[in-house]
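First the structure, in the form of structure tokens, and then the observations on it.
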Amino acid sequence: MHRRELFRLIAAGAAFPALNSPTFAMLREAQSTPSYAPKTLDPHQNATVIAMTDVILPATETPGAKGAKVNEFIDVILTDWATATERQSFLAGLANVDERSITLFGKPFVDTSTAQQEVLLRAMDDEWVRQESVPKPRTTAYQKRDQQLNDPFFGVFKRLTLVGYYTSEIGFSQELKEEIIPGSYHGCQPIGTKNA
């Protein structure tokens with residue numbers, strides 16, 4: 001599977017929660033390095049993504065999306081995995097979040113209170129759920145692929161947030177309490193000694 005195909009599966013909701021080993025390994029590649037600097041998201045867009053992911057997955061007894069640096073995962077996906085059209089669509093959806101926030105609260109999303117951010121994201125989530133519940137006409141595989149590219153922004157954003165979080169070290173090990181390689185590895189060890 002190629003990265004662009006996997007991006008389409010994430011956007012369609014098919015890559016999560018059924019992460020098989022090759023898919024999981026590929027998604028782990030999209031996790032950022034400690035010195036990562038966003039390449040697609042400008043500082044304001046990055047701050048908006050951080051704020052949105054933090055509302056979706058806030059810190060509890062384990063770090064949330066902000067602590068797991070899901071914003072950097074999303075930037076890697078947009079930079080290395082998405083097509084130019086997918087990237088533009090995502091960034092337009094992100095700009096729309098600010099437009100809606102300014103209409104509702106008179107300021108960009110990052111400048112609103114946590115309660116206001118929750119109100120806006122809940123409204124977007126409700127719209128997305130309503131759109132998803134509308135029966136879709138039968139389509140061919142190519143038409144389905146094209147529909148996935150036009151998936152509502154919030155659905156894609158929410159899926160990327162969940163996949164980014166649960167493939168991070170924090171989400172996978174601390175939240176899910178899973179191990180990438182269960183058990184312990186002891187390398188080459190003698191099987192036993194022979195009595196002479």
Quiz item: Within region 89-98, can one find any residue that is at pLDDT below 95, surrounded by 14 or more Cβ atoms within 10 Å (Cβ to Cβ), assigned to a helix (DSSP H, G or I) and not aromatic (Phe, Trp, Tyr)?
Solution: yes
Quiz prompt | Selected residue [on the phi > 0 side of the Ramachandran plot, surrounded by fewer than 19 Cβ atoms within 10 Å (Cβ to Cβ) and either of a type in the set (Ser, Thr, Tyr) or modelled with pLDDT of 90 or more (or both)] from 67, 106 | solution = 106
Self-check item: For residue 62: the one exception among (1) modelled with pLDDT of 90 or more; (2) surrounded by 15 or more Cβ atoms within 10 Å (Cβ to Cβ)
Solution: (1)
Exercise. Examine region 175-184 for a residue that is surrounded by 15 or more Cβ atoms within 10 Å (Cβ to Cβ), at pLDDT below 90 and of a type in the set (Asp, Glu), and state whether such a residue exists.
Key: yes
Quiz item: What is the one condition in (1) surrounded by 13 or more Cβ atoms within 10 Å (Cβ to Cβ); (2) within 16 Å of residue 47 (Cα to Cα) that residue 113 does not satisfy?
Solution: (1)
Exercise. Quick one: residue 77 ticks every box in (1) within 14 Å of the chain's Cα centre (by Cα); (2) more than 22 Å from residue 43 (Cβ to Cβ); (3) not small (Gly, Ala, Ser) except a single one, so which number is it?
Key: (2)
Quiz item: Are any residues in region 70-88 of a type outside the set (Gly, Ala, Ser) and surrounded by fewer than 19 Cβ atoms within 10 Å (Cβ to Cβ), and if so, which ones?
Solution: 79, 80, 83, 85, 87, 88
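The values are calculated or read from the model by the stated rules, or taken from the named source; none is laboratory data. As the structure is a prediction and not an experimental result, all values here were calculated from the model. Glycine gets a Cβ as well: all are built from the backbone with ideal geometry, and neighbour counts include every protein chain shown.
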